[in-house]
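Visitor: One structure follows; several queries about it will come next.
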Amino acid sequence: MTDTVFDVAAANALLVEGFAPWVRATGITTDAVAPGAATLRIPFSDQLCRMGGIMSGQTLVAGADTAMVIAIAAQMGGLKKGLTTVDLTINYMRPITAADAVL
């Protein structure tokens, strides 16, 4: 870990600068960061839902993957180089309907 401050503003700047436009199109933002941890939010939108008004799994997986990058950046005091996902597993506990996804 470094002494560089990586706060919510830095995390949100990283979302704008470092992620694909389609990820940013989810409206994802950072609620909180701490070394090795992050809480992100995807605002509920009909555009992110599949039939039945349920937020799509694709949206949730993208959010979880993005949250891990922000958590790693928080641990390192910023993102020094690009990261890529090498393994990802998700278990859905319940559908998200008419609510933000908090990751």
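The values are calculated or read from the model by the stated rules, or taken from the named source; none is laboratory data. Nothing here was measured: the structure is a model prediction, and the numbers come from that model. Positions of Cβ are generated from backbone atoms using ideal geometry, with glycine treated the same way; all protein chains shown enter the neighbour counts. Calculation scope for accessible area: heavy atoms of the full protein, side chains included, ligands and nucleic acids excluded. Shrake-Rupley method; radii C 1.70, N 1.55, O 1.52, S 1.80 Å.
Visitor: Report whether or not residue 24 is open to solvent by 40 Å² or more (accessible area, probe 1.4 Å), in contact with a Ser or Thr (Cβ under 9 Å, 6 or more places away or on another chain) and either without any contact (Cβ under 8 Å) to a residue 24 or more places away in the chain or acidic (Asp, Glu) (or both). If you could, list the steps in order and put the result at the bottom.
Guide: Working: open to solvent by 40 Å² or more (accessible area, probe 1.4 Å): yes; in contact with a Ser or Thr (Cβ under 9 Å, 6 or more places away or on another chain): no; either without any contact (Cβ under 8 Å) to a residue 24 or more places away in the chain or acidic (Asp, Glu) (or both): yes.
When the stated conditions are applied, residue 24 does not pass them.
Visitor: Being at pLDDT below 95 and among the polar types (S, T, N, Q) is true for just one of 39, 4. Which residue is that?
Guide: 4
Visitor: Just to be sure I understand the filter: pairs with C-beta atoms under 6 Å, separated by 6 or more residues or on different chains, first member in segment 77-89 and farther than 12 Å from residue 64 by Cα, second member hydroxyl-bearing (Ser, Thr, Tyr). Which pairs pass?
Guide: The qualifying pairs are 77/2; 77/4; 78/4.
Visitor: Of the conditions (1) farther than 19 Å from residue 50 by Cβ; (2) at pLDDT 95 or above, residue 86 fails just one. Which one is it?
Guide: For residue 86, the exception is condition (2).
Residues are listed down the side, and each one gets a yes or a no for (1) in contact with a Gly (Cβ under 8 Å, 6 or more places away or on another chain); (2) open to solvent by 70 Å² or more (accessible area, probe 1.4 Å); (3) farther than 24 Å from residue 99 by Cα:
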site: 40; (1), (2), (3): yes, no, no
site: 57; (1), (2), (3): no, no, no
site: 60; (1), (2), (3): no, no, no
site: 74; (1), (2), (3): yes, no, yes
site: 83; (1), (2), (3): no, yes, yes
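Visitor: Another question about this same structure. Of the residues 34, 11, which single one is touching a residue at least 60 places away in the same chain (Cβ under 8 Å) and open to solvent by less than 50 Å² (accessible area, probe 1.4 Å)?
Guide: Going through 34, 11 in turn, the sole match is 11.
Conditions (1) assigned to a helix (DSSP H, G or I); (2) on the phi < 0 side of the Ramachandran plot, marked per residue:
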| site | (1), (2) |
| --- | --- |
| 4 | no, yes |
| 13 | yes, yes |
| 23 | yes, yes |
| 26 | no, yes |
| 31 | no, yes |
| 41 | no, yes |
| 52 | no, no |
| 58 | yes, yes |
| 64 | yes, yes |
